[in-house]
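Report on the following structure.
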């Protein structure tokens with residue numbers, strides 16, 4: 001799904017906001033960290049707060065062993081298909097249970113997880 005599709009989905013769940021094309025375009029710009037890349041799933045603080053507290057979508061918090069590096073940021077943009085939020089450079093919040101579970105299996109080693117995704121996708 002793209003940012004616009006996720007934005008519309010969040011707006012449809014919320015009773016506070018009417019879903020129309022103008023609203024979806026407005027919120028897409030405010031909720032996504034990189035609105036120029038329609039496939040980037042990184043949320044801004046505003047987008048995270050709306051999804052977590054207004055719509056009340058379950059999220060999963062992961063304290064990482066190492067800080068998120070620029071390389072990691074690029075891999076996150078390419079690899080994750082569900083919204084996520086970077087609270088600090090050592091804490092990642094994801095909205096996908098499968099991603100969360102996989103990170104637990106990797107002992108919250110985000111870089112190793114992303115490297116393996118990249119390795120298997122290039123084969």
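Test residue 4 against the criterion of being within 16 Å of residue 94 (Cβ to Cβ) and not assigned by TED's automatic domain parsing to the domain that holds residue 94, and give yes or no.
In short, no.
Taking the stated definitions as given, is residue 68 surrounded by 13 or more Cβ atoms within 10 Å (Cβ to Cβ) and either in a loop (DSSP other than H, G, I, E, B) or at pLDDT below 95 (or both)? Before you say what the answer is, go through the steps one by one.
On the way: surrounded by 13 or more Cβ atoms within 10 Å (Cβ to Cβ): yes; either in a loop (DSSP other than H, G, I, E, B) or at pLDDT below 95 (or both): yes.
Judged against the criteria, residue 68 is a match.
With the requirement that a residue be farther than 23 Å from residue 10 by Cβ and either touching a residue at least 60 places away in the same chain (Cβ under 8 Å) or assigned by TED's automatic domain parsing to the domain that holds residue 2 (or both), what does region 64-110 give you?
Within region 64-110, none qualify.
Would you confirm, using the coordinates I've provided, whether residue 33 is outside the structural domain of residue 114 (by TED's automatic domain parsing) and either at pLDDT below 95 or farther than 20 Å from residue 12 by Cα (or both)?
Yes, satisfied.
Being in contact with a helix residue (DSSP H, G or I) (Cβ under 9 Å, 6 or more places away or on another chain), over 12 Å from residue 83 (Cα atoms) and without any contact (Cβ under 8 Å) to a residue 40 or more places away in the chain is the filter; apply it to region 27-37 and report the residue that is surrounded by the fewest Cβ atoms within 10 Å (Cβ to Cβ).
Here the residue is 30.
Within region 46-58, how many residues are surrounded by 18 or more Cβ atoms within 10 Å (Cβ to Cβ) and either free of Cβ contacts under 8 Å to residues at least 40 places away in the same chain or not in a helix (DSSP H, G or I) (or both)?
Qualifying residue count for the region: 1.
The values are calculated or read from the model by the stated rules, or taken from the named source; none is laboratory data. Predicted model only: the values in this text are computed from it and were never measured. A quick note on method: Cβ atoms are made from the backbone with ideal geometry, for glycine too, and the neighbour counts reach across all protein chains shown.
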